[in-house]
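Any read-out appearing in this document is the output of simple, stated calculations on the displayed coordinates, not a laboratory observation. Computed from a prediction, not measured in an experiment: that's the story for all the values here. Because the Cβ atoms are built from the backbone with ideal geometry, glycine has one as well, and the counts that use them run over all protein chains shown.
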Amino acid sequence: MQAFEYGPHPLSSFADGNKFPPIPYLLPLPSSLAPFDFQKMVAEGDKGGLETLLGTRLAFGTAGLRGPMGPGYNRMNHVTVYQCTQGIVAYLEQTCDAAALKEKGVVIGYDHRKNACGVDSEMMARAAAAACHAKGIKTYFFSTHVCTPMIPFTVKKMGCFAGMMVTASHNPKADNGFKMYGANGAQLCEPHDTVLLCPIYEIEELAPVV
């Protein structure tokens, strides 16, 4: 399995058939995949359900994001991963040499997990790659699903500034996760995860993909 570099291509070139949602879904909409679900919940007066999905943003903690897959700001989907990656990129820009960051780049991988709601690991990994590409950062992206250790290995092998992996590890099948690794190949831990909270939560809009 080899990683390849994203070149200066539009977002549509990242897609494989219908794997990646159309560009409008990269707008900050409440639902990542099925807006009609929210309309139905509103019509039925499901305030509890709406509060669960939209009331808070998915928490970023040790190693990254983790939670159930589905639509909404409090679920794992390509919108929440895109937002999180924007924050990670902002953090890297603040703490690393900008030119070196763009040249050495990051590596992104994903496992094979899918969910009946339409969210899968590859979709979220491509969203993370799109967020990095939007900032002109070289991105090594695996052409198929890989095991988690391949990410820290590739970070060190290619001299990248960071690595990101979409995987739920041992969590329930309905869940997924988004892990981050530093330039030394180590998984993100305290106090760096706390420092990352500010740039991530400052992201209120999705950056345009060029």
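Give, in nm to one decimal, the length gained when the segment between Ala98 and Val42 is fully stretched (0.36 nm per residue of separation minus the Cα-Cα distance).
In short, 15.7 nm is gained.
Shape verdict for the stretch 102-144, please, from the Cα gyration tensor: rounded (a/c under 1.5), prolate (a/b greater than b/c) or oblate.
Here the stretch 102-144 falls in the oblate category.
Mind jotting down a quarter of the surface of the convex hull over the alpha carbons of the stretch 27-201, in square nanometres, one decimal?
Mean shadow area of the hull around the Cα atoms is 9.7 nm².
Can you tell me the order of 72-84, 130-142, 108-120 when each peptide is scored by its average per-residue count of other Cβ atoms within 10 angstrom, highest first?
In decreasing order of mean packing, 72-84, 130-142, 108-120 become 72-84, 130-142, 108-120.
Which order do peptides 166-177, 41-52 fall in by mean Cβ count within 10 Å, highest first? Show your work: numbers first, answer last.
Details: 166-177: 17.8, 41-52: 12.5.
Answer by packing, highest mean first, reads 166-177, 41-52.
Spin-label point model (7 Å from Cα, Cβ direction): what's the Lys156 to Ala59 distance in nm?
Simple spin-label model gives 3.2 nm for this pair.
Using r as the Cβ-Cβ distance of Ala186 and Lys114, and R0 as 41 Å, what FRET efficiency do you calculate, to the nearest 0.05?
The formula returns an efficiency of 0.90 here.
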